[in-house]
Amino acid sequence: MPARGGSPIRPRRRKRRWLRNAVVFLVLALLIFVGWEAWTWPDVGALARRNPPTTAFIERYRAQHRAAGRDDRVSRPWVPYAAIAPGVKRAVLVAEDINFFSHRGFDLGEIRIAVTRAIEDVEAPRGASTITQQLAKNLWLSPSRNPFRKLEEAILTWQLERTLPKRRILELYLNVVELGPGVYGVEAASRRYFAKPASAITDDEAAELAAGLPSPARWHPGSTRPGYRRHVESIKRRVAKATFLAGQI
């Protein structure tokens, strides 16, 4: 018979015990997760002393090709900042992050514009990623847009900006970014598409390289796609106006 004047006591005790066990389990799971993240978290400071041997995006590309039974080799020769033509740096900055040297990893003005457009178009915000954010994603993360991955990207972006000089961040980006199928970094792209080193690239060729960044699998020098060609011409016009970049790079 139920306890007089109320609901049974035993079911209430079982419910409290279940809630207590659930809380303990969640706390333990959180501690394990935090511990694992701390153990595997990238050593951002090491990039000040040495170049990364590979990136998350390169390894993802190679894994996909191995799974499909295709050649997984990539081209990614490394070159120092000084061995990259100034025109390449200007074109990439204009195309991807013109405020790179004035922000701390996050371009709040571009974020506001992206959010406003998203609200007007009733879709998720896109774009507004700075070069530092893109570098963090390329080096250590996945293309996923889930909130946790974006949080990791934000923390790594903050660490990169806090730890490395701007020119080192740009040097890393220019050496790891994808510029065609299996082509990573401006040196590999320069030799693939123009048969010359990145130090010898002309301003027009630099615009062609930079225009491929939004979609390197389809857009790259030699492509006749109308969207790509329009983007190339747009970058050329914007570079001509961005004379202030000469003193920054």
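Derivation of every value follows stated rules applied to the coordinates shown; laboratory data play no part. If you're wondering where the values come from, they're calculated on a predicted model, not measured in any experiment. We place every Cβ from the backbone using ideal geometry, glycine too, and count neighbours over all the protein chains shown.
Once the Cα-Cα distance is subtracted from the 0.36 nm per residue extended length, the THR224 to ARG237 segment shows a gain of 2.8 nm. When the listed pairs LYS89/LYS166; LYS196/LYS241; LYS89/LYS236 are checked against a 18 Å cut-off, the alpha-carbon distance exceeds it for LYS196/LYS241. Ordering of 54-62, 235-243 by packing is 54-62, 235-243, highest average first (other Cβ atoms within 10 Å, averaged per residue). Remark: the THR54-ASP72 segment gains 5.1 nm on full extension, using 0.36 nm per residue and subtracting the alpha carbon distance. When peptides 85-95, 11-21 are ranked by their average number of other Cβ atoms within 10 Å per residue, the highest-first order is 85-95, 11-21.
Label point of LYS166 set 7 angstrom out along Cα-Cβ; within the range 79-105, amide nitrogens under 14 Å from it belong to 90, 93-94, 97-105. For the range 151-171 versus the range 55-97, the spacing of their alpha-carbon centroids is 18 Å.
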